[in-house]
Amino acid sequence: MADGLRIKKVKVIESTGKIKIDYQMLHGESQDEMSGIFPEEAAPEFYTAFERLIIPAVNILEMKSLKYADTRIKPYGVTFNYSKDGTMGAIINCKLSLPEAGTEVVINTPMRKCAPDDSEEAPGKYFTESAAKYLWQLESETRKYLSGKRNQLSLFGGNGEPLEADQQQDEADELADQQQEDVDGAAAMPPEVAASNVTDISQYAAQR
């Protein structure tokens with residue numbers, strides 16, 4: 001197993017706006033379980049990734065016939081699971097609005113996995129291609145958040161030193177140019193490959 005970072009669970013705590021992330025630091029055959037609650041606001045792409053999970057969640061929960069389902073379902077968390085070959089599976093945690101009752105209830109999708117490359121998609125068993133793409137995008141944005149990306153700005157450079165204001169603006173401009181590339185390339189990105197593109201955050205995690 002390659003060294004790197006693996007996201008296990010990410011959740012936005014609506015009452016406080018904080019972000020809770022459970023993850024693993026991979027070191028060869030060993031791994032360290034890490035968890036943190038972060039008060040800083042994430043980049044807009046992070047929240048957009050959650051919004052893009054609305055339609056997949058509605059479809060998986062078979063709520064397409066529910067009136068205004070796409071406005072009543074709100075994904076707020078994802079629990080990731082990985083098989084030995086790196087295939088990603090996930091549970092999408094959602095809140096369902098009950099307008100007449102004036103409240104919300106928590107509802108989770110069943111576990112689904114990304115479809116193998118050599119098999120046909122099976123309804124009820126695998127994620128659609130678009131759902132898998134959006135989940136990988138959220139996973140990628142969560143990695144960026146852990147590596148220091150906040151509200152389109154990078155707090156740390158490659159050497160771990162804080163960036164100057166003009167460097168932060170350069171980072172924001174680069175992120176804007178890369179947004180579409182991240183979406184297009186997200187669907188088939190295994191954790192080990194993605195981990196190689198993320199700054200080692202162990203030095204920051206130790207300070208949390």
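Rule-based calculations on the coordinates, nothing more; no lab input. Everything numeric here is computed off the predicted structure, so don't read it as measured data. In this analysis, Cβ positions are derived from the backbone assuming ideal geometry, glycine residues included, and neighbour counts consider all displayed protein chains.
Taking R0 as 25 Å, what FRET efficiency do you get between Ile13 and Lys84 from their Cβ-Cβ distance, rounded to the nearest 0.05? Spell out each step's value before the answer.
Working: r = 32 Å, r/R0 = 1.27.
The computed FRET efficiency comes out at 0.20.
Would you mind checking Lys64/Lys84; Lys67/Lys113; Lys74/Lys133; Lys84/Lys149 for any pair whose Cα atoms are more than 22 angstrom apart?
Working: Lys64/Lys84 33 Å; Lys67/Lys113 28 Å; Lys74/Lys133 18 Å; Lys84/Lys149 29 Å.
Long pairs (Cα-Cα over 22 Å): Lys64/Lys84; Lys67/Lys113; Lys84/Lys149.
How large is Rg over Rh for segment 44-123, taking Rg from the Cα atoms and Rh as the Kirkwood inverse mean of 1/r across Cα pairs?
On the way: Rg = 14.1 Å, Rh = 13.8 Å.
On the Cα set of segment 44-123, Rg over Rh gives 1.02.
Arranged from highest to lowest average of other beta-carbon atoms within 10 Å per residue, in what order do the peptides 100-111, 132-143 appear? Each step should come with its number before you reach the end.
Numbers: 100-111: 11.3, 132-143: 23.8.
In decreasing order of mean packing, 100-111, 132-143 become 132-143, 100-111.
Check Arg112: other-chain or 5+ apart residues with amide H under 5 Å from its amide H, H built from backbone geometry?
Ala90
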